[in-house]
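Below: the structure, in structure tokens.
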Amino acid sequence: MMNVINAAGREIPGYIEGYGPVKPFGGARVGTKEALRSEVKVKINQGRSKLLPSLAEAFEQCGLQDGMTISFHHHLRNGDQVMNMVLDEAARYGLKNLKIAASAVFPVHAPLVRHMEQGVVTGLVTSYISGPVGEAVSRGILERPAVMQTHGGRARSIEAGELKIDVAFIAAPACDPCGNMNGLEGPNAFGVMAYPVADAMYASRVVAITDNLVPYPACPVEISQEYVDYIVQVPSIGDAGGIVSGTTRITNNPVGLKIARLAAGVIQASGLLTDGFSFQTGAGGTSLAVASFIRDYMKRHNIKGSFAMGGITGQLVDMLEEGLFRCLFDAQCFDLRAIESLRKNKSHLPISTSMYANPHNKGAVVNMLDVMVLGATEVDTDFNVNVTTDSNGILMGGSGGHSDTAAGAKVAIVVTELVKRRFPVVVDGVTAVTTPGETIDVVVTERGIAVNPRRADLLSKLKDAGLPVVSIFELKEMAEEMTGVPDKVCFGDKIVAVLEYRDGTVIDVVRVLS
Amino acid sequence: MDRSTTTLLFIPGNSPGMLKNAPVFGADCLILDLEDSVTPAEKDAARILVRHALPWLKTQGTEVAVRINPFSEAFLGYEDMEEIALSPPDVIMLPKATKEEVQILSGLLDEIEKKKGLAETGIKIIPLVETAAAVVNMREIAGSSGRVAGLLLGAEDLTADLGVKRTRRGLEILYARSKMAMVCKAAGIAAIDTPFADIRDEAGLHYDAHTARALGMTGKAAIHPGQINVIRKAFTPDEEEIAYAARIISAMEEAEKESRGVLALDGRMLDAPAVAWAKQTLEKAKRATTW
């Protein structure tokens with residue numbers, strides 16, 4: 001089948017072996033009017049015990065077979081042990097050719113490489129991948145390409161039945177004998193249970209895995225018993241210390257602070273920072289510094305915001321408690337303060353990933369965002385952003401909520417140093433398109449701010465505020481003046497990852513490193 | 001380099017990453033340091049690195065100075081000059097300067113400018129006043145060469161020389177600051193205040209910078225990029241001053257329109273110095289960058 005050029009300007013095959021026919025990305029805001037939700041065949045249980053003595057027994061009861069798709073969530077992030085223990089057991093059980101639908105893969109999941117080598121796992125669908133698994137996939141360990149989705153895209157594809165999950169294994173910090181779960185109690189409390197909601201609702205079988213079996217009923221209930229088939233108690237689901245995402249301290253790096261100050265200036269100049277303001281920013285020192293500048297501004301000007309969303313950190317909890325926001329929407333807790341707040345504060349609201357970002361439901365919260373502050377590994381002169389590969393073409397990230405929030409927010413701001421590890425960040429063409437340039441409004445670097453030409457309204461506001469506005473081409477030249485123009489990465493023909501936009505169209509592919 | 005230069009940022013000459021980022025913090029002048037922030041073992045590498053960084057840094061829209069090592073310490077200062085001569089900065093800062101050493105440096109710069117075909121006396125000198133003797137001889141040092149564009153007070157060395165404690169309140173350097181403000185004003189050159197050493201103490205820096213400005217210093221050196229904004233604010237007219245200056249200027253323009261010789265505002269007579277202050281204030285405010 002012929003190659004096609006999609007709306008992000010990327011040349012992609014019309015058909016990809018091991019993936020199937022390609023629906024090319026047609027633009028960020030081209031939406032369908034109706035979407036179907038998948039049917040689920042439910043195994044009725046009106047009284048039988050759900051408690052099983054072992055994972056092997058759960059495999060048996062679920063009818064887990066070669067070639068099936070099993071899912072995991074990543075609320076324990078780099079402290080998760082559930083995926084590893086299930087796959088180790090699957091290997092012992094003699095299973096082959098499994099497809100993993102994991103909301104994210106971290107360095108702690110390094111044993112997955114061995115399972116890929118041995119054919120236990122041959123397929124991977126995820127929204128974020130870092131560490132040894134990303135490197136192995138980049139080198140072509142899998143026969144069929146990995147599929148990289150957005151957080152909202154994952155929920156959408158599960159609900160639509162495109163990503164059919166045979167068995168969902170859900171790590172539960174607290175679970176009662178009927179399968180009511182929450183992430184708030186127990187030695188490995190990780191907070192909100194957002195990612196596994198779609199898995200629980202649409203998987204053929206659902207297995208809760210817990211190290212904290214509590215008396216009925218678990219309270220509160222985040223995922224309810226109506227969706228859960230079996231429960232396996234294990235000594236430990238991991239280490240909740242691993243949930244801490246990146247740094248949780250405001251940067252003291254002067255370059256990061258300069259970028260943050262400029263980004264805060266952009267937000268002020270946008271005119272959106274008034275009563276009812278809503279925003280989201282990731283963890284990481286620079287993002288936290290942006291939030292800190294915004295916090296000071298809101299206090300000084302007595303601004304009462306509407307909501308902040310995330311990736312919730314202690315800093316956002318402080319802002320909630322100071323009355324700067326009416327509520328927090330929490331799709332993931334990034335530190336222990338966030339978990340504590342979720343337990344106690346009724347204005348700290350847990351949301352599912354579908355409610356957060358699914359483009360094909362009846363309304364996602366990302367669409368209500370005024371401002372989103374995002375990171376980037378590379379940005380090109382069309383404002384396309386890569387957060388999926390590093391500059392050497394190795395998979396080391398993924399959209400997560402990047403594309404979802406960029407599409408939804410009124411102003412999507414990328415904050416980045418202009419040069420990272422001697423590589424220019426602003427380039428002619430990104431190594432891989434994660435988020436299309438049409439959804440990125442502003443790129444803030446320490447050496448200047450570039451505004452997407454689509455946003456002439458913002459451009460004039462930023463100039464009026466005296467912010468150092470330059471063109472994206474000037475940023476590229478400044479970067480190259482320092483680094484030179486790096487050699488292009490050499491890729492082979494084999495496609496190792498298909499990057500799906502939030503609507504399931506293909507925005508780019510990543511090929512094997514040669 | 002003149003009396004409008006308010007923020008000067010020291011950058012260790014042996015740090016490629018800091019040299020690369022130095023222009024982004026909005027300092028009026030970057031001081032690439034070969035002296036205190038570079039260990040003896042790193043001196044050679046630093047001066048070569050600085051020499052190579054200079055051509056690019058000079059295109060980045062800020063003035064660039066190099067603080068060489070003192071001429072009094074072995075041959076370090078001379079070795080620095082040999083290397084820097086290959087790619088001269090806008091300004092040389094000379095530590096523990098005496099009148100005679102400034103004149104030697106000026107002679108070296110004459111040769112460099114001749115050899116490179118540069119404008120005569122284009123490269124300026126900032127002597128560092130860091131000893132009691134230098135405080136006493138400040139006027140002679142300032143007048144020792146036409147290249148001297150300002151003096152920089154080095155309070156740490158000065159208080160060590162005096163044998164007194166360096167304090168947050170800064171009474172121990174009150175005389176040196178006051179004298180420097182007067183000498184520099186009389187000579188029409190910049191009076192640059194000593195850096196504030198505690199980079200975590202923003203309130204202390206705020207007090208220190210405001211004190212320096214109140215005494216008549218024209219700018220202040222920083223040892224961390226995070227100090228730049230505090231210093232700039234201290235040396236920039238505040239909103240009240242700007243508003244008052246603007247009212248003086250519009251009163252003056254009105255008086256000129258009506259051919260009135262006498263200028264008054266809010267019932268007070270305004271003289272020529274008040275108008276000069278107003279113009280200077282508005283000019284400073286215009287130059288100050290917000291971001």
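What accessible area per residue, rounded to a whole number of Å², is obtained for chain A using a probe radius of 1.4 Å?
It amounts to 38 Å² per residue over chain A.
Å³ per residue of the Cα convex hull, for segment B:1-144?
110
How high is the relative contact order of segment B:89-137, in percent, counting Cα pairs under 8 Å that sit 6 or more residues apart?
Reported relative contact order: 56 percent.
Which whole number in µm²/s is D for segment A:159-286 by Stokes-Einstein, with the Kirkwood Rh taken over Cα pairs at 37 °C and 0.692 mPa s?
So the translational diffusion coefficient is about 189 µm²/s.
Beyond 20 Å, what percent of the Cα pairs of segment B:107-192 remain?
That fraction is 40 percent.
With only Lys, Arg, Asp and Glu charged, each at its Cβ (+1 for the first two, -1 for the last two), find how big the charge dipole of segment B:99-245 is about the Cα centre; round to the nearest 20 debye.
Roughly 120 debye for segment B:99-245.
Counting Lys and Arg as +1 and Asp and Glu as -1, what is the net charge of the other residues whose Cβ lies under 14 Å from the Cβ of A:GLY63?
Its environment carries a net charge of -2.
What whole-number value in Å² describes the accessible area per residue of segment B:196-265 for a 1.4 Å probe?
I get 53 Å² per residue for segment B:196-265.
With 10 Å bins from zero, work out the P(r) of segment B:34-99 over every alpha carbon pair and list the percent per bin.
Taking all Cα pairs of segment B:34-99, the binned fractions are 22, 56, 21, 1 percent.
Could you tell me which of B:VAL135, B:ALA251, B:LEU94 has its Cα farthest along the dipole of chain B towards the positive end, charges placed at Cβ (Lys, Arg +1; Asp, Glu -1), taken about the Cα centre?
Projecting each Cα onto the dipole axis, the largest value belongs to B:ALA251.
Roughly to the nearest percent, how much of the accessible area of segment B:58-143 is carbon and sulfur, given a 1.4 Å probe?
The nonpolar share, carbon plus sulfur, comes to 53 percent.
Taking the Cα centre of the protein assembly as shown as origin and charging only Cβ (+1 Lys, Arg; -1 Asp, Glu), how large is the dipole, in debye to the nearest 20?
Around 1120 debye, computed over the protein assembly as shown.
With respect to the cross-link table entries B:LYS99/B:LYS185; A:LYS258/A:LYS346; B:LYS96/B:LYS165; B:LYS43/B:LYS116; A:LYS41/A:LYS96, which display a Cα-Cα separation exceeding 30 Å?
Beyond 30 Å: A:LYS258/A:LYS346.
How large is ³J(HN,Hα) for each residue in segment A:132-147, as worked out from phi by the Karplus curve 6.51 cos²θ - 1.76 cosθ + 1.60 (θ = phi - 60°), to whole Hz, x for Gly and Pro?
Once rounded to whole Hz, the list reads x, 5, x, 5, 5, 5, 4, 8, x, 5, 9, 5, 9, x, 5, 10.
For chain A, give the percent of accessible area contributed by carbon and sulfur heavy atoms, probe 1.4 Å, rounded to a whole number.
With neighbouring chains kept in place, the figure for chain A is 50 percent.
Take the protein assembly as shown, compute every pairwise Cα distance, and split them into 10 Å bins from 0; I just need the percent in each bin.
Each 10 Å bin holds this share of Cα pairs: 2, 12, 19, 19, 16, 13, 9, 6, 2, 0, 0.
Tell me, what are the semi-axes, in whole angstrom and largest first, of the equivalent ellipsoid of segment B:144-272 as set by the roots of 5 times the Cα gyration tensor eigenvalues?
After scaling each eigenvalue by five and taking roots: 35, 18, 13 Å.
Please list A:HIS360, A:HIS109, B:HIS52, A:HIS301 from largest to smallest accessible area, probe radius 1.4 Å, with all protein chains kept in place.
If we order A:HIS360, A:HIS109, B:HIS52, A:HIS301 from most to least accessible, we get B:HIS52, A:HIS301, A:HIS360, A:HIS109.
With viscosity set to 1.567 mPa s at 4 °C, what whole-number translational diffusion coefficient in µm²/s follows for segment A:231-340 from Stokes-Einstein and a Kirkwood radius over Cα pairs?
Roughly 88 µm²/s, to the nearest whole number.
Hey, rough spin-label estimate for A:ASN345 and B:GLU253, points 7 angstrom out along Cα→Cβ, what's it come to in nanometres?
5.0
Which residue, chosen from A:GLY242, A:MET298, A:MET309, occupies the Cα position most advanced towards the positive end of the dipole of segment A:229-363, where the dipole is computed from +1 (Lys, Arg) and -1 (Asp, Glu) charges on Cβ about the Cα centre?
Working it through, the farthest residue towards the positive pole turns out to be A:MET298.
As a test of the definition: with a 1.4 Å probe, what buried accessible area, both sides summed, do you compute for A against B, in Å² to the nearest 100?
Heavy-atom accessible area buried at this interface is about 1200 Å².
Compute the accessible area of each residue in segment B:17-32 twice, once for its chain alone and once with every protein chain present, using a 1.4 Å probe on heavy atoms, and list those whose area falls by at least 40 Å².
B:LYS20, B:ASN21, B:VAL24, B:PHE25
State the three equivalent ellipsoid semi-axes of chain B, derived from the C-alpha gyration tensor as the square roots of 5 times its eigenvalues, in descending order and whole Å.
35, 21, 20
May I ask what percent, to the nearest 5, of DSSP beta bridges between residues of the protein assembly as shown are antiparallel?
Counting only bridges with both partners in the protein assembly as shown, antiparallel ones make up about 25 percent.
Return one number: the angle in degrees, 0 to 90 and rounded to the nearest 10, between the long axis of the Cα atoms of helix A:151-160 and the longest principal axis of the Cα atoms of chain A.
Helix A:151-160 sits roughly 40 degrees off the main axis of chain A.
Relative to the compact globular guide of 2.2 N^0.38 Å, what is the alpha carbon radius of gyration of segment A:1-126, as a ratio?
Cα Rg divided by the expected 2.2 N^0.38 Å: 1.36.
Note the angle between two axes, namely the Cα long axis of helix A:472-483 and the longest principal axis of the Cα atoms of chain A, as a number of degrees from 0 to 90, rounded to the nearest 10.
Roughly 80 degrees, rounded to the nearest 10.
Once you order the gyration tensor axes a ≥ b ≥ c over the Cα atoms, which shape class does segment A:378-514 get: rounded for a/c under 1.5, otherwise prolate or oblate by comparing a/b with b/c?
Oblate, since a/c reaches 1.5 and b/c is not below a/b.
Over segment A:1-148, what relative contact order in percent results from Cα pairs under 8 Å that are six or more residues apart?
Result for segment A:1-148 is 17 percent.
At 222 nm, what helix-only mean residue ellipticity would the protein assembly as shown give, in deg cm²/dmol to the nearest 500, using -39500 (n - 2.57) for each DSSP H run of four or more?
So the calculated ellipticity at 222 nm is -10000 deg cm²/dmol.
If I take R0 = 56 Å and measure r between the Cβ atoms of B:ALA246 and A:ARG114 in this structure, what FRET efficiency does the formula 1/(1 + (r/R0)^6) give, to the nearest 0.05?
After rounding to 0.05, the efficiency reads 0.15.
For segment A:296-429, what number results from the quotient of the Cα radius of gyration and 2.2 N^0.38 Å?
Working it through for segment A:296-429, the quotient is 1.17.
Name the residues of segment B:204-253 whose accessible area falls by at least 10 Å² when all protein chains are present instead of the chain alone, probe 1.4 Å?
By number: B:HIS224, B:PRO225, B:ASN229.
Hey, if we sort A:ARG77, B:ARG213 by accessible area with the 1.4 Å probe, largest down, what's the order?
B:ARG213, A:ARG77
Can you compute the label reach from B:ALA74? Point 7 Å from Cα along the Cβ direction, backbone N cut-off under 14 Å, restricted to segment B:133-159.
What the label zone holds, given the 14 Å backbone N cut-off, is no residue at all.
Give me Rg/Rg_expected for segment A:185-226, where Rg uses Cα atoms only and Rg_expected = 2.2 N^0.38 Å with N residues.
1.19
Using 5 Å bins from zero, what percent of all Cα-Cα pairs in segment A:327-403 falls into each bin?
In order of increasing distance, the bins hold 3, 13, 17, 18, 18, 15, 10, 5, 1, 0 percent.
Using r as the Cβ-Cβ distance of A:ARG422 and B:ILE104, and R0 as 30 Å, what FRET efficiency do you calculate, to the nearest 0.05?
Working from the Cβ atoms, E equals 0.15.
Have a look at A:MET181, A:LEU87, A:VAL167 and report the one farthest towards the positive end of the charge dipole of the protein assembly as shown, computed about the Cα centre with Cβ charges (Lys/Arg +1, Asp/Glu -1).
Sorting the options by dipole projection puts first A:MET181.
Rounded to the nearest 20 debye, what is the charge dipole size of segment A:395-499 about its Cα centre when +1 sits on each Lys and Arg Cβ and -1 on each Asp and Glu Cβ?
160
From the protein chains alone at 1.4 Å, what is the descending order of accessible area for A:TYR227, A:TYR15, A:TYR356, A:TYR297, largest first?
Descending accessible area places them as A:TYR15, A:TYR227, A:TYR297, A:TYR356.
Springs between alpha-carbon atoms under 10 Å, Gaussian network over chain B: tell me which of B:ASP208, B:ASP266, B:ASP198 tops the mean-square fluctuations.
It is B:ASP266.
Give the angle, between 0 and 90 degrees and rounded to the nearest 10, that separates the Cα long axis of helix A:254-269 from the longest principal axis of the Cα atoms of chain A.
That helix lies at roughly 80 degrees to the long axis.
Quick one: net charge around A:SER514, please, counting Lys, Arg +1 and Asp, Glu -1 for every other residue with C-beta under 12 Å from its C-beta.
+3
If I take the Cα coordinates of segment A:82-170 and project them onto the principal axes, what are the three extents in Å, biggest first?
Computed over segment A:82-170, the largest-to-smallest principal extents equal 32, 27, 23 Å.
The values are calculated or read from the model by the stated rules, or taken from the named source; none is laboratory data. Since we're looking at a predicted model, the values are computed, not measured. Cβ: placed from backbone, ideal geometry, glycine included. Neighbour counts: every protein chain shown. Just the protein is used for accessible areas: all its heavy atoms, side chains included, with ligands, DNA and RNA removed. Shrake-Rupley method; radii C 1.70, N 1.55, O 1.52, S 1.80 Å.
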